[in-house]
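Accompanying notes for the structure given below.
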Amino acid sequence: MAAKTLGVLIFDVIERIPLVKNVADPTGYFTLRDSIDFNNVTFKYPTSLPEHKPVLIDASFRIKAGQATAIVGPSGSGKSTIIQLIERFYDPRKGSVHFDGQNIKEIDLKCLRENIGYVSQEPIMIMGTIRDNLLYGNVDATEQDCIEALK
């Protein structure tokens, strides 16, 4: 019974239709040269209850290319949401996000996500050893590759 239930859940994820899609003719390449700009962004998660407030309300700020930027705040203040909007896992309900003046919606999703790195404050480990987790990212990694990754 448990395996059958797990199988149903897995297929639910596989068959899910994403809310965020490419525009008809997206830009296939970008190199951030100037900035990421949030322009009056309001965002509320699609699964939020009607009485829940948006996570971001009219947020406007600029992140300059090549500049170290820290996003700090208490739990629920929108830190992870900002990253998810930059990676375009969601689109703002209002406002826009731009890379070098280009609306992020015009950039190919695959290209966008392949060019963004993010390290969460909460590490996610799969079952198994640390080595197993490292090999999850690169199945052909040697023992020396694993040691270098850990350094």
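The values are calculated or read from the model by the stated rules, or taken from the named source; none is laboratory data. Quick caveat: nothing in here was measured; it's all calculated off a predicted structure. Here the Cβ positions follow ideal geometry from the backbone for every residue, glycine too, while neighbour counts run over all protein chains shown.
Summary table
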| quantity | calculated |
| --- | --- |
| Checking F30 against (1) part of a helix (DSSP H, G or I); (2) of a type outside the set (A, V, I, L, M); (3) surrounded by 10 or more Cβ atoms within 10 Å (Cβ to Cβ), the condition it does not meet | (1) |
| Selection count where residues are surrounded by 13 or more Cβ atoms within 10 Å (Cβ to Cβ) and either of a type in the set (K, R) or closer than 23 Å to R33 by Cβ (or both), scope region 60-83 | 7 |
| Which numbered condition S60 fails, given (1) assigned to a loop (DSSP other than H, G, I, E, B); (2) under 24 Å from G101 (Cβ atoms); (3) in contact (Cβ under 8 Å) with a residue 12 or more places away in the chain | (1) |
| Breaking point among (1) outside any loop (DSSP other than H, G, I, E, B); (2) in contact with a Lys or Arg (Cβ under 9 Å, 6 or more places away or on another chain); (3) surrounded by 15 or more Cβ atoms within 10 Å (Cβ to Cβ), for D91 | (1) |
| Residue identified as touching a Lys or Arg at 6+ places or on another chain (Cβ under 7 Å) and either under 15 Å from R93 (Cα atoms) or polar (S, T, N, Q) (or both) among P54, P50, P46 | P54 |
| Residue list for region 33-56, restricted to those being of a type in the set (A, V, I, L, M) and closer than 22 Å to I116 by Cα | I36, V41, L56 |
| All positions within region 109-151 that are modelled with pLDDT of 90 or more and under 30 Å from I36 (Cα atoms) | none |
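Table: residues versus (1) closer than 16 Å to V41 by Cβ; (2) over 17 Å from the mean Cα position of the chain (by Cα); (3) touching a residue at least 12 places away in the same chain (Cβ under 8 Å).
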| site | (1), (2), (3) |
| --- | --- |
| A65 | no, yes, yes |
| A68 | no, yes, no |
| K79 | yes, no, no |
| I86 | yes, no, yes |
| D91 | yes, no, yes |
| D100 | no, yes, yes |
| N103 | yes, no, no |
